[in-house]
Number of protein chains: 2
Amino acid sequence: MKESWSAFDTFEPHFRPLVVIELAKDTKEETKEWLTQRIEDKKKNGGAQLLVKPLAKEDGGKIDGNENIYLVGASYLRLLLGAETVGLVKECNDNSMRTFTYSSRKTFKDFAEDNHNFLTMSECQYIIKHELENLRAKDEKMIPGYPQAKLYPGKSIVRRLLTNGILIQFFPLHDKEELKKLRHIWYSRVKISFQPLDEIRCYFGETIALYFGFLEYFTFALVPMALIGIPYYVFAWEDYDKYVMFASFNLLWSTVILEIWKRCCARMTYRWGTLLMKRQFEEPRPGFHGALGINPVTGKEEPVYSSIKKQLRIYLVSLPFVCLCLYLSLYVMMIYFDMEQLALDYHEENETSFSNLMLFVPSIIYAVVIEIMNRIYRYAAEFLTSWENHRLESSHQNHLILKVLVFNFLNCFASLFYIAFVLFDMKLLRQSLATLLITSQILNQFAEALFPYWLQKRHNKKIKKRMCASKMDSDLSLFEQINMEKEMGTYLGTFDDYLELFLQFGYVSLFSCVYPLAAVFAVLNNITETYSDALKMCKIFKRPFSEPTANIGVWQLAFETMSVISVVTNCALIGMSSQVNAIFPESKTDLILIVVLVEHILLAMKFVMAFLIPDKPRDIQIKLARLEFESLEALKRQQIKLAAESLKDETHEGKKRI
Amino acid sequence: MKESWSAFDTFEPHFRPLVVIELAKDTKEETKEWLTQRIEDKKKNGGAQLLVKPLAKEDGGKIDGNENIYLVGASYLRLLLGAETVGLVKECNDNSMRTFTYSSRKTFKDFAEDNHNFLTMSECQYIIKHELENLRAKDEKMIPGYPQAKLYPGKSIVRRLLTNGILIQFFPLHDKEELKKLRHIWYSRVKISFQPLDEIRCYFGETIALYFGFLEYFTFALVPMALIGIPYYVFAWEDYDKYVMFASFNLLWSTVILEIWKRCCARMTYRWGTLLMKRQFEEPRPGFHGALGINPVTGKEEPVYSSIKKQLRIYLVSLPFVCLCLYLSLYVMMIYFDMEQLALDYHEENETSFSNLMLFVPSIIYAVVIEIMNRIYRYAAEFLTSWENHRLESSHQNHLILKVLVFNFLNCFASLFYIAFVLFDMKLLRQSLATLLITSQILNQFAEALFPYWLQKRHNKKIKKRMCASKMDSDLSLFEQINMEKEMGTYLGTFDDYLELFLQFGYVSLFSCVYPLAAVFAVLNNITETYSDALKMCKIFKRPFSEPTANIGVWQLAFETMSVISVVTNCALIGMSSQVNAIFPESKTDLILIVVLVEHILLAMKFVMAFLIPDKPRDIQIKLARLEFESLEALKRQQIKLAAESLKDETHEGKKRI
């Protein structure tokens, strides 16, 4: 069966480098040889059957210090077979989406034996990444030249090389031409229009395109809130009924937008094919360790770690630690409020310019301490989650996200909750909310995109100067391009970007009835955020590997939870407002009961709405049902065929027996 | 391909009747002939390839008035192929569960070519039902002899016959021997033990076994509540802290039991194979009508009805109608309370024995009116749901269940809510709760099982007397058995049984802190309920067709919703209790705020718990993952094989071109 793979054993005339592998400087020659041989080896021998070339200068000569860089590519045929292996879904000639198989390749849109654009470059890179990561040890007991880097049959070689520091990194190459085109339609002109999500997806993959899609969708979804919020500021509306209306609208609106996002997301990922993509069986994540055992699912040898031990670590160590950190954070907040009070008292006593300056000191100290705590906590969370030893990358990510999310939520909003529900100071709440929202937005954009962009620009200039001062950016040779790209920062995933949006959603929705203008600032921020994030992706970071994904995962849940919490906070705020209290002068009990009743009705309405709005648009549902129906029919036909064959054998045997 | 089905065209020596078909008395001969011919016809001719015999007396002679009854059976081979078509899942020799295919039949446990017990009788009957329902019109434009009964290619013949009243019913036969055995281990001896769920499932199918499983599980789950509830009654505990403890325990307990039920259910249905069973593509339900069109999923001709029209009917007619009925029900309740008050006033004024009697009149009138309203509403709900014209049986059922559920909920609990939260009369609440719970339980058991059982017994005696007075029950010939069974009532599904449990759960949980003894009564009722339901299934009704199912469906959601509502009611009740009010004598506001806080914490805890407890036990998860992994691997192997073949062709062609 495997012999067939040898059929495409011929090098293509044009070797197109797709992925760069950087080994450690002091890697032994023996190891290099073994690795390239394993990557180039045929499938039937357990290799990846890809093409590898060491990086060379244009004149063909190797250069010092770059002997440890290799370029990986593959023949077109190899890539098509790889597309089948990873389960890529493409559009057919009849406009339906189907899983690509090599044998049915001619039914796919735009397929031609010589059309090398059938697979986008990011798809090719994803395939190569998949093949490299699935290059597995056969009977090697260790990596040649490194006796301490143990291997066992079936262990991913690349992952072992990475954990042992022999492989420094492997990353996909940028495509200068494509990137230029993308930059042009994406952000080079300031204009009001939708983002080119399909193009972003082609270049950066589904995960990143989905983030930009969500950012855009979210911005549009906030526009009605912002539009309604403006007159509250302009006319200084303070009427009870207007606030209640605004809050009720916000609360129901947030459920509607989150439900409709699911539909938009399904429509988008259907078009991209990832909605239909079958989840591959997940291998253990690189950091997972344990005694060698038998995986009960695959029946293969791999590290095994007791699930009970993991649970104990989560509930007996991580959970108490997180609680302790939350407590500490609250404690620091209380100290801050005490300091604030002290500074205020001091200022009132003395009224000098020094005392006036002193008023800012607590805030500054608090901001610095929060930032330090955030960073320490992030490290601790990463360490703890690694120590919990999750087998799957997805489970590791979810636990990490949950830890970081809870802490960030508290850090951002605890002081606001304290001001609102302990100090009952609505004016201070509005002030703090505005300050926090605006400063965090400005700082974020600066820290996230503009500052790294400036750094990158300076760095690039230095490199270019060193290499050859006269060349233009577009004229860079492959050699120079790779040398430049390998020094670029690595994009660590969409986590921080989503977190930023999540906290922004919190500022907008949690206290929306106190500060209707928050939505306006959020919209303004998100418009510039789009540009700065685009800049970040195109200019600052290495190109990331494309990651197929069908939805925004755990973030959907996080946003929905936030929208439920915001019902509680908004109802409480309205109940506490002086305007509402003026309506029930005699009986506070009635007021509270009514507020609680309204809160329960709103919550119930939210749940009913979430239940009634279908997660997928009707046409997508029908398309999915048709695919399922077709596969069931195919299965039935196949079964009938098999049964027929076996029946023939039966009767044949029967006749023989007679 | 289809020719193969002719291989098993030989009648087996012993024809075993499995399903009975009863046609209308005046069915034309032409129609009978056509129908039997279509049922017996080979698969390749579009028939069902089953065996049909007219019912005959033992001596072989036909009898008057029974010419319209037919027996359907099938050869063993036909049944095995049918098992593959319906996607039956059976246990393999290596103890894993796999979808049965004829070609892999030898890998299945207990399979032997001559072991006719490999498929249980209820499975055989399910297969025959499936084959009969999937017997479809070819080019007939109408049912022969009935020009008004239109057909179109692909229309299910049996469904058309049913809707036109030509086919009166078709039902599976009881197996006297098996039924006797089942009755013996199930309920003939009074003993404390688990029910024989596996045997029930073998005889009655998964849906009914799952109901009895849930009934048993639910009874056991109520035992802790009942045990804790007893001392409250015995020692007349009225302390605040004890009530709070009891209520908190109940509220969290109800989430735990509902979550653990999912796990138990998954374990059971895995063992039965239904957890793995692929959902078949659902055909339109018999009553569905519309202009002939093309189904967008199958591409076949079938009635099509606009989804928008359906939505309009639901939201513009059904929803207002249901709301109106709910309002009416509330209105009737208010009249009842007024009447009650009048009767009380009258009694206080006069104090005669007549006035004492008059005290009961309002309750009796109310009970009768409620019962009448319930029945009218049930008809109206069924009519409306039919009129909404749902394409799928499942969607029809869900809409019907929702309508009936809401109305029954209000009818049962509105008066209790009124007493609790408007009259604030805890004593009356406890009294009403006890009365309602106990009377409804006694009436239910009587109306549901004992009375029909007595009727049935009398009826059976009459028939037996008419036929031949001397014969014993077990000696009944097939002819007599069928004549007796066809007159038995039809079991209309588990809806009413679940509804009873649902309302019981409401009585137990909604006001648990007021009347802890409710759980005790519920447990006692459920123990006898088990027996009366078993009696009902075995003695009163026709055997129902087995229905594979993987869970209790919409009822899980209904129970979970009830447990959420009970958090709100219990917190409110505790907040209103005089003991709790005594603790906060000065500030009612504080009390309410604390109660609301506790309620929110409890709700949050319930959601977190529901999220944390996995829906499937770990070993079942692993088994499911293994199956998925295996099918992915198989797919991969197949793809590689296909790719190999196409590559060979490629290179072959390539060489030729050269």
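The values are calculated or read from the model by the stated rules, or taken from the named source; none is laboratory data. What you see is a predicted model, and the numbers here were worked out from it, not measured in a lab. No Cβ is skipped: glycine too gets one built from the backbone with ideal geometry, and neighbour counts run over all protein chains shown. These accessible areas exclude ligands, DNA and RNA; they are computed on the full protein's heavy atoms, side chains included. Shrake-Rupley method; radii C 1.70, N 1.55, O 1.52, S 1.80 Å.
Brief remarks on what is shown
- With DNA, RNA and ligands ignored, accessible area of A:PHE220 (1.4 Å probe; Å², nearest 10): 110
- Solvent exposure ordering (accessible area, 1.4 Å, most first) of B:TYR515, B:TYR233: B:TYR233, B:TYR515
- Extreme residue, positive dipole direction of chain A, given options A:ALA236, A:ALA221, A:SER415 (C-beta unit charges): A:ALA221
- Entry note, region B:188-311: relative contact order of 14 percent, from Cα contacts under 8 Å with a spacing of 6+ residues.
- Cα lying deepest toward the dipole's positive end in region A:509-611, options A:ALA550, A:LEU535, A:VAL523, charges on Cβ: A:LEU535
- Debye, to nearest 20: dipole size of region A:503-612, +1 on Lys, Arg Cβ, -1 on Asp, Glu Cβ: 500
- For the protein assembly as shown, the antiparallel share of DSSP beta bridges with both residues in that region comes to about 95%.
- Share antiparallel - DSSP beta bridges, chain A, percent rounded to 5: 95
- Two-decimal Rg/Rh across region A:338-400, once Rg and the Kirkwood Rh are taken from alpha-carbon atoms: 1.39
- Zero-based 20 Å bins, Cα pair distances in chain B, whole percents: 14, 43, 31, 10, 1, 0
- Farthest positive-ward along the protein assembly as shown dipole, Cα basis, beta-carbon charges - from B:LEU51, A:ILE401, A:LEU344: B:LEU51
- Chain-alone versus full-assembly comparison, region B:591-636, residues with accessible loss of at least 50 Å² (1.4 Å probe): B:ILE592, B:HIS600, B:PHE629, B:LEU632
- Gyration tensor (alpha-carbon) shape descriptor, the protein assembly as shown, a/c threshold 1.5: oblate
- Annotation: A:PHE611 carries an accessible surface of approximately 150 Å², with a 1.4 Å probe and no ligand, DNA or RNA atoms counted.
- Solvent-accessible area buried by pairing A with B, both sides, nearest 100 square angstrom, 1.4 angstrom probe: 4600
- With Cα atoms defining each centre, region A:366-389 and region A:267-302 are spaced 28 Å apart in the structure.
- Here region B:547-618 is described by how far its Cα atoms reach on the three principal axes: 60, 25, 15 Å, from widest to narrowest.
- Rounded accessible area per residue of the protein assembly as shown, 1.4 Å, Å²: 49
- The largest-to-smallest principal axis extents of the Cα set in region B:567-609 are 35, 15, 11 Å.
- In order through region A:440-447: 3J(HN,Hα) via Karplus (6.51 cos²θ - 1.76 cosθ + 1.60), integer Hz, x for Gly, Pro: 5, 5, 5, 4, 4, 5, 5, 5
- The fraction of accessible area contributed by carbon and sulfur in the protein assembly as shown is 63 percent, rounded to a whole number (1.4 Å probe; ligands and nucleic acids excluded).
- Under the convention that each Lys and Arg Cβ holds +1 and each Asp and Glu Cβ holds -1, the size of the dipole of chain A around its Cα centre is about 2260 debye.
- List A:TRP34, A:TRP387, B:TRP253, A:TRP261, ordered by accessible area with a 1.4 Å probe, largest first: A:TRP387, B:TRP253, A:TRP34, A:TRP261
- The translational diffusion coefficient of region B:110-198, from Stokes-Einstein at 20 °C and 1.002 mPa s with a Kirkwood hydrodynamic radius over alpha carbon pairs, comes to 129 µm²/s.
- These residues, A:HIS130, B:HIS289, A:HIS390, go from largest to smallest accessible area, 1.4 Å probe, as B:HIS289, A:HIS130, A:HIS390.
- A:ASP26 accessible area, 1.4 Å probe, all protein chains in place, Å² to nearest 10: 120
- If the chain linking B:GLU487 and B:LEU316 were pulled fully straight, counting 0.36 nm for each residue of separation and taking away their Cα-Cα distance, it would gain 57.5 nm.
- Each Lys and Arg adds +1 at its Cβ and each Asp and Glu adds -1 at its Cβ; summed about the Cα centre, region B:274-341 shows a dipole of about 380 debye.
- Using θ = phi - 60° and Karplus 6.51 cos²θ - 1.76 cosθ + 1.60, couplings along region A:507-522 (whole Hz; Gly, Pro as x): 4, 6, 9, 4, 10, 4, 6, 8, 9, x, 6, 3, 4, 4, 5, 4
- Projected-area mean, region B:373-510, by convex hull of Cα positions, square nanometres: 12.1
- Ellipticity at 222 nm from helices only: DSSP H runs of n ≥ 4 in the protein assembly as shown, each -39500 (n - 2.57), divided by the residue count, give -20500 deg cm²/dmol.
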